[in-house]
Amino acid sequence: MAHKKLCLNCKICFNISHDDVRNSDLTCPQCGNQAMLIAHRFRPPKKEDLRKWKVVEFLIANGFPYQHVSIYEPDRHGIKRFVSYGKYPENMIDAVDFVNRFKKQAIKPAKS
Ligand SMILES: [Zn+2]
């Protein structure tokens, strides 16, 4: 899975350079804090859109750093089949639902 660096402090995403990978360097080039890995498909909200950033922080804190989550539904034989990928929510009400619905697919946060 391709990743970017996300600094929640600066609310900025950075592409990961080859040097970063070699040095396992996740510091934020702007503020020097520890940034985190986030799935490449993550699209950061506008910097001033704090409501959406709250949702982002909530999802990440609950184990959803924008990895794919899969929706399964039973087919006519009652066997659960992959249907599609879940869409990441953009407001807190949907985010709470999302976390509950997909909690089995949450990623345990890596301790830094
Ligand atoms: Zn930063």
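The values are calculated or read from the model by the stated rules, or taken from the named source; none is laboratory data. What you are looking at is a predicted structure, and each value in this text was computed from that prediction instead of being measured. In case anyone asks, the SASA skips ligands and DNA or RNA and just uses the protein heavy atoms, side chains included. Shrake-Rupley method; radii C 1.70, N 1.55, O 1.52, S 1.80 Å.
How far, in degrees from 0 to 90, does helix 50-61 lean away from the longest principal axis of the Cα atoms of the chain, to the nearest 10? Result, in degrees: 70. Taken over the chain, the convex hull of the Cα atoms encloses 114 Å³ per residue.
Database remark: amide H of Val69 closer than 5 angstrom to the amide H of Gly86 (H placed geometrically; neighbours at sequence offset of 5 or more, or on other chains; Pro and chain starts carry no H). Each 10 Å bin from zero holds the following percent of Cα-Cα pairs in the stretch 45-107: 22, 46, 22, 8, 2. As I understand it, the value is the acute angle between the Cα axis of helix 92-101 and the longest principal axis of the Cα atoms of the chain; what does it come to in degrees, rounded to 10? Tilt relative to the chain: about 60 degrees. Of the solvent-accessible surface of the stretch 45-107, computed with a 1.4 Å probe over protein heavy atoms with every protein chain present, carbon and sulfur atoms account for 54 percent. Coupling constants for the stretch 33-45 follow from the phi torsions by the Karplus curve (6.51 cos²θ - 1.76 cosθ + 1.60, θ = phi - 60°), and in residue order they are 6, 6, 8, 10, 7, 9, 4, 4, 6, 4, 10, x, x Hz; glycine and proline get x. The residues of the chain expose, per residue, 71 Å² of accessible area to a 1.4 Å probe.
Cross-link reach is defined here as a Cα-Cα straight distance under 23 Å, omitting same-chain residues fewer than 8 places apart; for Lys54 the lysines meeting it are Lys4, Lys5, Lys11, Lys46, Lys87, Lys103, Lys104, Lys108, Lys111.
Roughly how many percent of the accessible protein surface of the stretch 1-42 is carbon and sulfur, given a 1.4 Å probe and a whole-percent answer?
On the way: 1220 of 2510 Å².
So the carbon and sulfur contribution to the accessible surface is 49 percent.
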